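The values are calculated or read from the model by the stated rules, or taken from the named source; none is laboratory data. Just so you know, these numbers come straight off a predicted model, no measurement behind them. Cβ: placed from backbone, ideal geometry, glycine included. Neighbour counts: every protein chain shown.
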Amino acid sequence: MKQEFPKGEIKSIQGLSFTIRGDDIDTDRIIPARFLKCVSFSALGEQVFADDRKELNGNHPFDLDHNKGANILIVNDNFGCGSSREHAPQALMRWGIRLIIGESFAEIFFGNCLALGIPCLTASKEKIVKLQNLVEKNKHQIWNFNLKSLSISNQKETFKLNLGEGTYNMLYSGKWDATSQLLDEEEKINKTFNNLPYLNNFKLDI
Amino acid sequence: MSSGTLYDKVWNFHQVKELPGGSTQLFIGLHLIHEVTSPQAFSALNEKNLGVKFPNLTVATVDHIVPTSNQQRPFSDPLAEEMLVTLENNCKIHGIKFHGIGSDSQGIVHVMAPELGLTQPGMTVACGDSHTSTHGAFGAIAFGIGTSQVRDVLASQSLAMNKLKVRRIWVDGALQKGVYAKDLILHIIRQLGVKGGVGFAYEFAGPAIEKLSMEGRMTICNMAIEGGARCGYINPDETTFRYIQGKENAPKGQEWDKAVSWWKSLASDSKATFDDEIQLDGSSIEPTITWGITPGQGISIKETIPNPELLPKNEQQIAKDACKYMNLKPDEPIEGKSIDVCFIGSCTNGRLSDLQEASKIVKGHSVATGIRAFVVPGSQKVAKEAKEKGIDKIFLKAGFEWREPGCSMCLAMNPDKLEGSQISASSSNRNFKGRQGSANGRTLLMSPAMVAAAAINGKVTDVRNFLQH
């Protein structure tokens, strides 16, 4: 089955959710380096968390039957730290993840997710742990994420979430794919180039 | 909000415009690419029918996947060969300068670019590698990016960025004998934590920083990202200018003087405002080593493994995980811990002075029985200069292997890997679970001189024991 990847405005996401618990989960764990030996991202979905999954022998959240088809991941603190490899969010996205909620995210990982149209939202430790407990208690409940109200809800309980204004605007307007915006005004790029001393023989009077 | 810092000044020079979402379009003065994070960026460019806007502002090399024992083409690993061929073709098609296998300038991207004089003060430097922060040592704003952003830089020579806050880390005093830049940065990360730098650029300043060589400064900035700071920098000074002068891509003749005067003007003002300031005493730092599974889990060589129960609450769980994974017990000394493998190299500590300092420890000794020890120079230039100084001979005579340049066992994308639960003394930058190529392999991060001492004794050793006579 061909997967649909995020495109355009991202205002709501609905689906099953599961948790990956633990602080400082780095991108080497999300996708071990040996899987970076590729010239296309296409095979990465199956390799997400490969070593952790092997260790748990079928009992890792990414292997459990009731998590098949889930698209919302709830994590803890400093998720995605370490390497800048976009292979990490690519692997999560290709497995099926479309939204990540956690206590905090490493900066490059956050940006890499945004570039793929995967929102990363935060909430306090207390809220996240409560959310994780709820998610684990009933594995079949559907969660609704709403960008406008910055919240996720299972009908009974609603959790408010945090997201920077810039990121919010990009997701709301569908302009999270930066390339076209960056090419909007090429003359301004050229002007910046022409004003940089080190690209203009160090003429300081420019 | 910061003002008058180098970060502010360089940022202002490179602002293209404000983007609708509120971020800034930032011009990138130097874009470095390698074989791992660029192929999909070129594919995406082709799909969008876009070209490379300024091909002469992107420079390529190959480092992550290169074998270090035999670099004969084609590589024995077909996937590694395919990645290299893809990069070669992309560079050829788009007119990008490529420092490939067989060239005397190939090397780890963060080692070779400074050596060629490509990295200069006042630049913005981006590369699809988190250790791009290294180039901040020259007074540049340098940061790692993902593959989608590599595509954006190729297409537009710019990125959508949010301005970071600036934290000044002021280090007083001077490092003691046997204490190196690596110990200092491991100490800083231990103090501020692995996510303490999220949202910040780190300015490293103060007497202990000023006394460091450019290579030491690169070690410091290289690991800013391990403290969560996407970029770290040091204000340019005479040490910086001396390093750059005469390098292949350095300004020459009249341009040199103009360049130096511009570079000087970029240093943070004496009255600059920082978002946060921290002060440390460099003279009290001891040789530092990580015991756990994050670069923030460091202790001095004389300390014992922490008892997780006695740590702050938010550090307890990861400390418990680390004790279990590393098979270490609380209150056990780190000094004297047996090791299996010794690795000297990487973009953190694979430069000439790193090899030189380690060779001083090794000279006249032999690698302990049963220990596998190897040196991987950071670049062809490092390898050549080391050979000219006879450094390779010192290591070989002691029983180390001397390899060809590359990233090697820092992340084990090539054949250099730990096996099973082997434990390594490593001069690299990450001790994450499975980082060095075995799912249960273990890593102790330390300075290259400490790795050398560990290789000789077969166990974690205080390098100062070798420096007393």
* To do: State all residues of segment B:323-354 that are over 29 Å from B:P67 (Cβ atoms) and touching a helix residue (DSSP H, G or I) at 6+ places or on another chain (Cβ under 6 Å); if no residue qualifies, say none.
  => none
* Structure fact -> Going through segment A:1-39 in order, the residues found to be in a loop (DSSP other than H, G, I, E, B), facing another protein chain (nearest Cβ under 10 Å) and charged (D, E, K, R) are A:R21, A:D23, A:D24, A:K37
* Asked: On the given criteria, is B:S421 within 14 Å of another protein chain (Cβ to nearest Cβ) and in contact with a Lys or Arg (Cβ under 7 Å, 6 or more places away or on another chain)?
  -> yes
* Asked: In segment B:248-274, which residue that is more than 14 Å from chain A (Cβ to nearest Cβ) and in contact (Cβ under 8 Å) with a residue 60 or more places away in the chain is surrounded by the fewest Cβ atoms within 10 Å (Cβ to Cβ)?
  -> B:K271
* Residues that are free of Cβ contacts under 8 Å to residues at least 60 places away in the same chain and over 17 Å from B:V153 (Cα atoms): find the helices (runs of 4 or more DSSP H) completely inside segment A:157-206 holding 2 or more of those. => A:165-173
* Would it be correct to say that A:I97 is within 23 Å of A:N144 (Cβ to Cβ), modelled with pLDDT of 95 or more and part of a strand (DSSP E or B)? -> no
* Can you find even one residue in segment B:420-431 that is outside any helix (DSSP H, G or I), of a type in the set (A, V, I, L, M), under 20 Å from A:D26 (Cα atoms) and outside the structural domain of B:A113 (by TED's automatic domain parsing)? -> yes
* Structure fact -> Only unsatisfied item for A:H140, checking (1) within 18 Å of A:F110 (Cα to Cα); (2) of a type outside the set (S, T, Y); (3) in a loop (DSSP other than H, G, I, E, B), is (1)
* When residues of segment B:169-187 are limited to those that are part of a loop (DSSP other than H, G, I, E, B) and small (G, A, S), the one nearest to B:R351 (Cα to Cα) -> B:G178
* Structure fact -> Inside segment A:178-190, the number of residues satisfying the requirement of being facing chain B (nearest Cβ under 8 Å) and either over 32 Å from the mean Cα position of the chain (by Cα) or buried (at least 19 other Cβ atoms within 10 Å of the Cβ) (or both) is 5
* Asked: Is it the case that some residue within segment A:77-92 is more than 14 Å from every other protein chain (Cβ to nearest Cβ) and either among the polar types (S, T, N, Q) or under 26 Å from B:V150 (Cα atoms) (or both)?
  -> no
* Structure fact -> Just one listed residue, out of B:G298, B:G336, is touching a Phe, Trp or Tyr at 6+ places or on another chain (Cβ under 9 Å) and in contact (Cβ under 8 Å) with a residue 60 or more places away in the chain, and it is B:G298
* Hey, among the residues in segment B:355-373 that are touching a residue at least 60 places away in the same chain (Cβ under 8 Å) and either in contact with a strand residue (DSSP E or B) (Cβ under 7 Å, 6 or more places away or on another chain) or assigned by TED's automatic domain parsing to the domain that holds B:D104 (or both), which one's nearest to B:I65 (Cα to Cα)? -> B:A373
* Structure fact -> Restricting segment B:46-95 to residues that are of a type in the set (V, I, T), under 24 Å from B:G350 (Cβ atoms) and part of a loop (DSSP other than H, G, I, E, B), the one nearest to the other protein chains (Cβ to nearest Cβ) turns out to be B:I65
